[in-house]
Amino acid sequence: MKKNIILFSALALFAFTGSFAQESSKKVTKVKSAKVVTAKPSVSKVKGPGMEFKSDVIDYGTVEAKSDGAREFVFTNNGTEPLIIMNAQGSCGCTVPTWPREPIAPGAQAVIGVKYDTNRPGPFTKTITLTSNSTQTPSKLLTIKGNVKSIETTTTAVKS
């Protein structure tokens with residue numbers, strides 16, 4: 001019982017201090033980019049932590065073999081409490097996600113990075129499963145899709 005109280009207290013303290021760090025960086029960004037007008041996207045507010053993605057699907061289109069397979073999912077914490085992403089898991093070893101380890105303050109934007117191995121020719125559709133403390137969607141599924149040109153096709157086009 002005492003361990004649970006200590007763990008909860010530590011997590012609450014970490015989330016509380018992380019939210020102040022997020023706020024100060026937003027203020028600095030506004031000052032530095034005085035000429036750029038950035039309107040906040042319209043997001044629906046939820047009670048507790050939440051996440052709203054600009055898009056749940058990234059379409060790579062047709063890409064060359066061995067090209068850069070890195071892409072980003074942008075999201076906003078549309079809740080009233082800090083959002084914590086505990087895990088991000090790709091559907092196979094060819095899809096490697098990265099995610100913020102620190103709490104995301106209410107109203108702040110963050111990124112889920114994903115890198116697909118473009119050494120695998122042919123069409124693909126892969127998923128990334130996020131696990132978080134979101135009150136509405138504690139488990140969120142993101143999708144990447146596209147088509148990687150075969151290495152032979154890429155090599156032949158270079159020779160011509």
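General observations
- Taking the criterion of being assigned to a strand (DSSP E or B) and either of a type in the set (Phe, Trp, Tyr) or surrounded by fewer than 16 Cβ atoms within 10 Å (Cβ to Cβ) (or both), the residues of the stretch 74-95 that qualify are Val74, Phe75, Met86, Asn87, Gln89.
- Residue check, Gly122 in contact with a Ser or Thr (Cβ under 9 Å, 6 or more places away or on another chain) and at positive phi: yes
- Ile151, sole failed condition from (1) under 21 Å from Glu64 (Cβ atoms); (2) without any contact (Cβ under 8 Å) to a residue 60 or more places away in the chain; (3) loosely packed, with under 15 Cβ neighbours inside 10 Å: (2)
- Any hit, the stretch 116-135, residues being within 29 Å of Gly50 (Cα to Cα), of a type in the set (Gly, Ala, Ser) and without any contact (Cβ under 8 Å) to a residue 12 or more places away in the chain: no
- Set side by side, the residues Thr98, Thr125 differ, and just one is surrounded by fewer than 16 Cβ atoms within 10 Å (Cβ to Cβ) and within 12 Å of the chain's Cα centre (by Cα), which is Thr98.
- Residue pairs whose Cβ atoms lie under 6 Å apart, separated by 6 or more positions or on different chains, with the first residue in the stretch 61-73 and in contact (Cβ under 8 Å) with a residue 24 or more places away in the chain and part of a loop (DSSP other than H, G, I, E, B) and the second surrounded by 12 or more Cβ atoms within 10 Å (Cβ to Cβ) and among the hydrophobic types (A, V, I, L, M, F, W, C), are Ala65/Val148; Ala65/Ile151.
- Qualifying residue in the stretch 45-53 (condition: part of a loop (DSSP other than H, G, I, E, B), within 30 Å of Glu152 (Cβ to Cβ), out of contact with any Leu (no Cβ under 9 Å at 6 or more places or on another chain) and in contact (Cβ under 8 Å) with a residue 12 or more places away in the chain): no
- Scanning the stretch 101-121 for residues that are more than 14 Å from Gly69 (Cβ to Cβ) and not in a strand (DSSP E or B) yields a count of 7.
- In the set Gly69, Gly122, Gly93, Gly79, only one residue is small (Gly, Ala, Ser) and in contact with a Phe, Trp or Tyr (Cβ under 7 Å, 6 or more places away or on another chain); that residue is Gly69.
- Residue match in the stretch 122-134 (condition: within 24 Å of Val63 (Cβ to Cβ), in a loop (DSSP other than H, G, I, E, B) and at pLDDT below 95): no
- Failed item in (1) at pLDDT 95 or above; (2) of a type outside the set (Lys, Arg); (3) within 11 Å of Ile112 (Cβ to Cβ), with Met86 passing the rest: (3)
- Verdict on Asp59 being under 30 Å from Ile151 (Cβ atoms), of a type in the set (D, E, K, R) and in contact with a Cys (Cβ under 6 Å, 6 or more places away or on another chain): no
The values are calculated or read from the model by the stated rules, or taken from the named source; none is laboratory data. As the structure is a computational prediction, the values presented were derived from the model and not from experiment. Neighbour counts run over all protein chains shown; Cβ positions are idealised from the backbone, glycine included.
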